[in-house]
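Okay, so here's the structure we're looking at.
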Amino acid sequence: MRVLLIGAGSVGSAVVAIAARRSFFSSFVVADHAPDRARRAAESVSDERFTAAPVDASSTSDITGLCRAHEITHVLNAVDPRFTMPVFDGALAAGADYLDMAMSLSTPHPAHPYRRTGVKLGDHQFAAAATWESAGRLALVGIGVEPGMSDVFARYAADHLFSSIEEIGVRDGANLVVEGHDFAPTFSIWTTIEECLNPPVIYERSRGWYTTEPFSEPEVFDFPEGIGPVECVNVEHEEVLLIPRWVSADRVTFKYGLGNEFIEVLRTLHRLGLDSTSPVRVGGVGGGVSVAPRDVVAACLPDPAGLGPRMTGKTCAGTWVRGLDPAGAPREVYLYHVVDNEWSMREYGHQAVSWQTALNPVVALELLASGAWSGSGVLGPEAFDPVPFLDLLKEYGSPWGMREQ
């Protein structure tokens, strides 16, 4: 297996740290638009299998050329979802398999954004499914932690814990604190703004996919391992678009534990137009530059990769499932994965959120290399047997848990 990693940011560099401890691949090219960042990530593990290369993730031809130059078999996309389609298309053109952690972007319904879906997350990728299948190539989409591990949990619950499912709700919460920062997102602020301010999608069997207002349906969810109660709200996320394709459930939701202060900051950015991705001209007549307001916000905030030493607490990703057990009795469980920032920093030198996200595509790559997972077309994590994935998590030293509700 020859892997091309696109993106050497906080998640990409964590991918390198995790993959370096495994032997399932022969080479790993770390590519980034900033050559120095790619080089630092590749050299951080002192492993000759890792090399660095520059790349323009917005260029399909650049991705294809880089794949061919290094005889790449698998492309792992670790950049913002605005670059998903060029990387996705470039991998297919090169004859490589593909994995990502964030799917192609949505476009709200032009007339009824908070009632009806427009272009949904992943629609552009699923539209190409037949082409990938006819080429005999696999695009494994949404294989981070959320989406990713959360989807594996949903499939495991359907296969082994329930005879019928009323609701699947992905619930994400944390008690992380970053010393010295009043507002410091622990993940890409570009992606955070995108998923939190877009109309959230909900799935109901009788209604299909529909949208609602951002931050709707607040609920307090009690997270395990000392995190405790966190208020969670609806945000747009891939699981709601993925899970119903392979798992039978009456309702599917995704709720994120943001907190009132975080929500108000996001609402303020939206009111001021600072969440926009459309460039505006800044500067006087005959001069100045064009810049997207969201890119300015991202540039003003601390890089999530550097927050680890100042961060304390735990992050939890998980899937809550309610329905009937195999005997027909009511059951409610929460399958989850918790990472303590102190542990991830000590063991890997990477903060908890980035490390938890990076873990899952590496596990998936190893399953593909061994043949435990295989397929063609555009598939989500739910399309595969969840047991090998969950077993391999334990081997990676980061087991999952389950709590009866």
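General observations
- Qualifying positions in the stretch 94-124 - assigned to a loop (DSSP other than H, G, I, E, B) and surrounded by 18 or more Cβ atoms within 10 Å (Cβ to Cβ): Ala96, Met101, Ala102, Met103, Ser104, Leu105, Ser106, Thr117, Lys120, Leu121, Gly122
- Meets criteria (in contact (Cβ under 8 Å) with a residue 24 or more places away in the chain, open to solvent by 70 Å² or more (accessible area, probe 1.4 Å) and either over 29 Å from Gly313 (Cα atoms) or over 20 Å from the mean Cα position of the chain (by Cα) (or both)) for Glu219: no
- Residues in the stretch 227-257 that are in contact (Cβ under 8 Å) with a residue 60 or more places away in the chain, under 21 Å from Glu332 (Cβ atoms) and open to solvent by 40 Å² or more (accessible area, probe 1.4 Å): 4 in all.
- Residue list for the stretch 157-171, filter: surrounded by fewer than 24 Cβ atoms within 10 Å (Cβ to Cβ), touching an Asp or Glu at 6+ places or on another chain (Cβ under 8 Å) and part of a strand (DSSP E or B): Ile165, Glu166, Glu167
- Top-ranked residue in the stretch 295-320 [being of a type in the set (Ser, Thr, Tyr) and either out of contact with any strand residue (DSSP E or B) (no Cβ under 9 Å at 6 or more places or on another chain) or open to solvent by less than 40 Å² (accessible area, probe 1.4 Å) (or both); ranked as nearest to Gly148 (Cα to Cα)]: Thr319
- Whether a residue is open to solvent by less than 10 Å² (accessible area, probe 1.4 Å), within 13 Å of Ala249 (Cβ to Cβ) and of a type in the set (A, V, I, L, M) was assessed, and Ala154 passes this test.
- So Leu269, is it open to solvent by less than 30 Å² (accessible area, probe 1.4 Å) and assigned to a helix (DSSP H, G or I): yes
- The C-beta contact set for the stretch 154-182 (first residue under 30 Å from Met345 (Cβ atoms), second residue surrounded by fewer than 18 Cβ atoms within 10 Å (Cβ to Cβ) and among the charged types (D, E, K, R), distance under 7 angstrom, 6+ apart or interchain) comprises Val178/Arg310; Glu179/Arg310; Gly180/Arg310.
- The test for being modelled with pLDDT under 95, exposed (fewer than 15 other Cβ atoms within 10 Å of the Cβ) and within 30 Å of Ser163 (Cα to Cα) holds for Pro399.
- Residue match in the stretch 127-135 (condition: open to solvent by less than 10 Å² (accessible area, probe 1.4 Å), without any contact (Cβ under 8 Å) to a residue 60 or more places away in the chain, among the aromatic types (Phe, Trp, Tyr) and over 24 Å from Pro399 (Cβ atoms)): no
- The set of residues from the stretch 1-43 being in contact (Cβ under 8 Å) with a residue 40 or more places away in the chain and of a type in the set (S, T, N, Q) comprises Ser10, Ser13, Ser27.
- Selection status of His181, assigned to a helix (DSSP H, G or I) and either more than 21 Å from Gly318 (Cα to Cα) or open to solvent by 60 Å² or more (accessible area, probe 1.4 Å) (or both): no
- The stretch 3-93 holds strands (runs of 3 or more DSSP E) entirely within its bounds, and those carrying 1 or more residues that are open to solvent by 10 Å² or more (accessible area, probe 1.4 Å), more than 26 Å from Leu121 (Cβ to Cβ) and not small (Gly, Ala, Ser) map to 50-54.
The values are calculated or read from the model by the stated rules, or taken from the named source; none is laboratory data. Bear in mind that the values here come from a model prediction, so they are computed numbers and not experimental data. Cβ: placed from backbone, ideal geometry, glycine included. Neighbour counts: every protein chain shown. Remember, those area values only see protein heavy atoms, side chains included, never the ligands or the DNA or RNA. Shrake-Rupley method; radii C 1.70, N 1.55, O 1.52, S 1.80 Å.
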